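Q: Structure provided below as structure tokens; questions to follow.
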Amino acid sequence: MNPRNIPVLVVTVLGLLALVSADVLAAAPKPAPKPSAKAPNAKKATPAPTHTTIASISADSITVDEPKGTRTYKIGKDTEFNLRGQKVKIEEIKTGMRVSVTVGSDPAVAQRISASDAP
């Protein structure tokens, strides 16, 4: 080997190492994206039911006594009524009964009214 060719050989070897390193780095697995705080299609959690006492009830609304005061919910055509675990008509739900009101996507409308005997 000619000593004058050593610098050319070193430059060639370094160039090949640089190319190989670039290929290896490009093929390395990418880190997984961090999960976002809120998935774009995440389903909203159903709020926990509130246990209260019925203050008044009519065909289109129910007012309940809660620990923080009273609250009125609208009654829609799809609102379900349960009394002691059995489906009933609204007429069987009476003032003074213990009640659990579950809402759906609209927190002002009762999705399900589950009543039990008065406390």
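The values are calculated or read from the model by the stated rules, or taken from the named source; none is laboratory data. In this text, all values refer to a predicted model and were calculated from it rather than measured experimentally. Because the Cβ atoms are built from the backbone with ideal geometry, glycine has one as well, and the counts that use them run over all protein chains shown. Heavy atoms of the whole protein, side chains included, go into the accessibility calculation; ligands, DNA and RNA do not. Shrake-Rupley method; radii C 1.70, N 1.55, O 1.52, S 1.80 Å.
Q: Out of segment 81-94, which residues are in contact with a strand residue (DSSP E or B) (Cβ under 9 Å, 6 or more places away or on another chain) and closer than 15 Å to Ser116 by Cβ?
A: The answer is Phe81, Asn82, Leu83, Arg84, Gly85, Lys87, Val88, Glu92, Ile93, Lys94.
Q: Those residues that are β-branched (Val, Ile, Thr) and either over 15 Å from Glu66 (Cα atoms) or assigned to a strand (DSSP E or B) (or both), I need them from segment 84-119; list them, please.
A: Selection gives Val88, Ile90, Ile93, Val99, Val101, Thr102, Val103, Val109, Ile113.
Q: Just wondering, is there one or more residues in segment 59-69 that are open to solvent by 90 Å² or more (accessible area, probe 1.4 Å), at pLDDT 90 or above, over 25 Å from the mean Cα position of the chain (by Cα) and of a type in the set (Asp, Glu)?
A: yes
Q: Sticking with this one: Report, by residue number, each residue of segment 84-119 that is within 12 Å of Ile57 (Cβ to Cβ) and either touching a helix residue (DSSP H, G or I) at 6+ places or on another chain (Cβ under 7 Å) or in contact (Cβ under 8 Å) with a residue 60 or more places away in the chain (or both).
A: Correct list: Ala115 only.
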